[in-house]
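A.B. asks: If you scroll down you'll find the structure; I have some questions about it.
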Amino acid sequence: MNQDAPNRNRRRFLTAATTVVGGIGVAFVAVPFLSYWRPSARAQAAGAPVEVNVSRLEPGQLINVEWRGNPVWIFHRTEDNVNDLEKVEGILRDPESRQDQQPEYARNRHRSRQPEIMVLVGICTHLGCSPLFYPEDRPHGMERDWVGGFFCPCHGSYFDLAGRVYTGVPAPLNLVVPPYHFPDENTVLIGEDEPDEGEA
Ligand code: FES
């Protein structure tokens, strides 16, 4: 096992400040590191939507925000990331997202509204650990095709960059896609569908 891999990949996370609806903007830092921004306890208790400005989220970058006490990852997929999603479908358990792990608008290959913007709840569907981000490096124990994704070290589950689970691992389901939409081109609102779609 490459002992450096998890730390190296953790450093790929960017910190971001987000706002509950009606609040202020987002702050990115130059040197990526893992960090959460936490809405107020009152906002969390209410399950308030979380507004994230993604205007500075570059291709290949991932930010980690908190919604209803859970990590939510927003990843800007590169063009290669999008194209590569097709390559591993033969070794995924539910490549067409037949299980209800996402809103209808995310029942597609990339499991998102926009192919390049991934939004996932970062909780493993086996026993609830938070997987690690491996956008390029092959994670420990992975001997099949790998085009980037997530590795849960608790019991060894693998997911692609759309949160689709590989076959032959403990996790039974794809990662959850939360309800979300884009109120404008620079903003993701996590926790709320578009008005005519109804809230999940
Ligand atoms: S909690 Fe992720 S593999 Fe068990």
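No lab work stands behind these numbers, since they all come straight from the coordinates. All of these numbers come straight from a predicted model, not from anything done at the bench. Virtual Cβ from ideal backbone geometry, glycine too; neighbours counted across all protein chains shown.
A.B. asks: Would you mind checking which residues have amide H under 5 Å from Leu92's amide H? H placed 1.01 Å from N; only 5 or more apart, or other chain.
C.D. replies: Under 5 Å from the amide H of Leu92: Thr167.
A.B. asks: Tell me, Tyr105, Tyr180 in order of fewest to most beta-carbon neighbours within 10 Å?
C.D. replies: With the sparsest Cβ surroundings first, the list reads Tyr105, Tyr180.
A.B. asks: Sticking with this one: So what are the ³J(HN,Hα) numbers for segment 116-123, from phi and the Karplus equation (6.51, -1.76, 1.60; θ = phi - 60°), rounded to whole Hz, Gly and Pro as x?
C.D. replies: Couplings: 8, 10, 9, 10, 9, 7, x, 10 Hz.
A.B. asks: Hey, with R₀ at 30 Å, roughly what FRET efficiency would Asn186 and Arg107 work out to, going by the Cβ-Cβ distance, to 0.05?
C.D. replies: Working from the Cβ atoms, E equals 0.75.
A.B. asks: State, to one decimal in nm, how far the label point of Cys154 lies from the label point of Glu96, with both points 7 Å from Cα in the Cβ direction.
C.D. replies: For Cys154 paired with Glu96, the spin-label model returns 3.0 nm.
A.B. asks: Then there is this: Can you give me the long-range amide H partners of Phe150? Hydrogens built in the peptide plane at 1.01 Å from N, cutoff under 5 Å, separation of 5 or more residues or another chain.
C.D. replies: Residues meeting the amide H criterion: Tyr134, Phe159, Asp160.
A.B. asks: Quick one: Karplus J couplings for segment 49-56, per residue in order, coefficients 6.51, -1.76, 1.60, θ = phi - 60°, nearest Hz, x for Gly and Pro?
C.D. replies: x, 10, 9, 10, 7, 10, 5, 10
A.B. asks: In addition: If the label point is 7 Å along Cα→Cβ of Asp145, which residues in segment 82-107 have backbone nitrogen under 17 Å from it?
C.D. replies: 82-97
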